[in-house]
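One structure is given below, encoded as structure tokens.
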Amino acid sequence: MDVTPLRLRAICLAALLATTPPLLAAGPAPAATALELQADRLHALTALADAASAGNVPDDDTLVTAMMMTMDIADPALVPPGSAGLDAMLDLLAACRNGRRAAEQVVRLAMATPDPNATLGRISVAIDRTAIMTTACTARQMDMQSREILKRGLSSSDAVQLEDMRQMAEGLPIRIGMLAMGATLTDLNPKSRARTEADALPILREAGAAMTPSMRQAVLDGVEKTLKDADSKGRIDRAARARLQAAVQDAGCTASCQLLSAPLPATP
């Protein structure tokens with residue numbers, strides 16, 4: 001399925017959805033946690049996708065609502081930073097899982113419309129947001145795991161975990177290339193492009209800092225490959241592309257970058 005059609009217009013973020021406490025609560029209801037609110041929104045989004053069918057085509061209001069829900073669910077702020085330590089790993093995995101599921105549900109809604117590609121174009125800023133969150137998930141999980149290893153000292157027994165982190169990073173070139181498309185393709189609504197770029201830049205800096213120089217180069221090559229055809233036709237905002245590339249290329253070197261760049265100690 002082609003999930004990179006031309007975006008037709010931008011939709012601005014609405015206020016966060018609110019949850020309503022039980023009407024007959026005996027006392028004040030405890031405040032819901034951010035993850036609980038995220039899960040509630042995912043449940044509501046899934047219900048919209050479940051209800052969609054050829055005989056119940058999502059209307060514009062439903063699509064806008066679904067897009068707003070997806071933007072809220074796929075908020076990178078819900079993903080704990082690496083500095084939170086391994087105690088926050090379960091929260092990180094839960095938030096990231098919900099973000100991936102939100103992407104699946106909003107695509108399901110689009111596929112129930114008469115012209116799925118056009119609908120995907122209309123809601124592309126929300127789909128870009130899920131890719132931004134997934135990129136944050138990868139960078140922060142790598143950072144979290146690497147901090148723990150560096151704290152206790154790298155050993156030959158960490159080889160499997162280091163390979164797992166390298167495999168996690170392998171998905172970044174394609175994902176970041178698709179983000180670059182959403183932020184630079186001049187056919188798109190300028191506000192939509194600007195929103196994707198603004199949301200992506202800080203996460204790309206994190207991702208860049210989490211990667212080794214060779215990994216960063218793979219991402220930069222992936223961006224060039226993804227944008228090559230459109231760029232040859234003059235359809236790429238090269239200034240925006242340069243900003244995105246610089247975010248990756250000029251980032252620092254956080255724990256996972258240090259760890260993956262270091263030679264593995266020999267087996268005793």
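The values are calculated or read from the model by the stated rules, or taken from the named source; none is laboratory data. Model, not experiment: these values are computed from the prediction. Neighbour counts are summed over all protein chains in view; Cβ atoms, including those assigned to glycine, are modelled from backbone coordinates with ideal geometry. The protein model used for the area step is the full one, side chains on, heavy atoms only, and it has no ligands, DNA or RNA in it. Shrake-Rupley method; radii C 1.70, N 1.55, O 1.52, S 1.80 Å.
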Count - residues of segment 151-178 that are touching an Asp or Glu at 6+ places or on another chain (Cβ under 8 Å) and either at pLDDT 90 or above or open to solvent by 70 Å² or more (accessible area, probe 1.4 Å) (or both): 0
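What do you reckon, is ALA200 touching a strand residue (DSSP E or B) at 6+ places or on another chain (Cβ under 6 Å) and either assigned to a helix (DSSP H, G or I) or open to solvent by 10 Å² or more (accessible area, probe 1.4 Å) (or both)? Walk me through it before giving the result.
Details: touching a strand residue (DSSP E or B) at 6+ places or on another chain (Cβ under 6 Å): no; either assigned to a helix (DSSP H, G or I) or open to solvent by 10 Å² or more (accessible area, probe 1.4 Å) (or both): yes.
In short, no.
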query: In segment 72-83, which residues are open to solvent by less than 50 Å² (accessible area, probe 1.4 Å) and modelled with pLDDT under 95?
result: GLY82
- prompt: So how many residues does segment 94-150 have that are within 21 Å of ASP59 (Cα to Cα) and among the acidic types (Asp, Glu)?
  reply: 2
- line: Reported set for segment 72-120 where residues are farther than 26 Å from GLU206 by Cα and of a type outside the set (Val, Ile, Thr) is GLN105, ARG108, LEU109, ALA110, MET111, ALA112, PRO114, ASP115, PRO116, ASN117, ALA118, LEU120
task: For segment 152-206, enumerate the residues that are touching a helix residue (DSSP H, G or I) at 6+ places or on another chain (Cβ under 9 Å), among the hydrophobic types (A, V, I, L, M, F, W, C) and over 20 Å from ALA126 (Cα atoms).
output: LEU154, LEU162, MET165, MET168, ALA169
task: Residue by residue through segment 179-197, note down the ones that are farther than 25 Å from ALA255 by Cα, part of a helix (DSSP H, G or I) and open to solvent by less than 10 Å² (accessible area, probe 1.4 Å).
output: ALA180, GLY182, ALA183, THR184, SER192, THR196
- request: Determine, yes or no, whether THR65 is within 19 Å of the chain's Cα centre (by Cα), among the hydroxyl-bearing types (Ser, Thr, Tyr) and either modelled with pLDDT of 50 or more or surrounded by 11 or more Cβ atoms within 10 Å (Cβ to Cβ) (or both).
  value: no
- prompt: In the set LYS225, LYS233, which member is without any contact (Cβ under 8 Å) to a residue 12 or more places away in the chain, open to solvent by 30 Å² or more (accessible area, probe 1.4 Å) and basic (Lys, Arg)?
  reply: LYS233
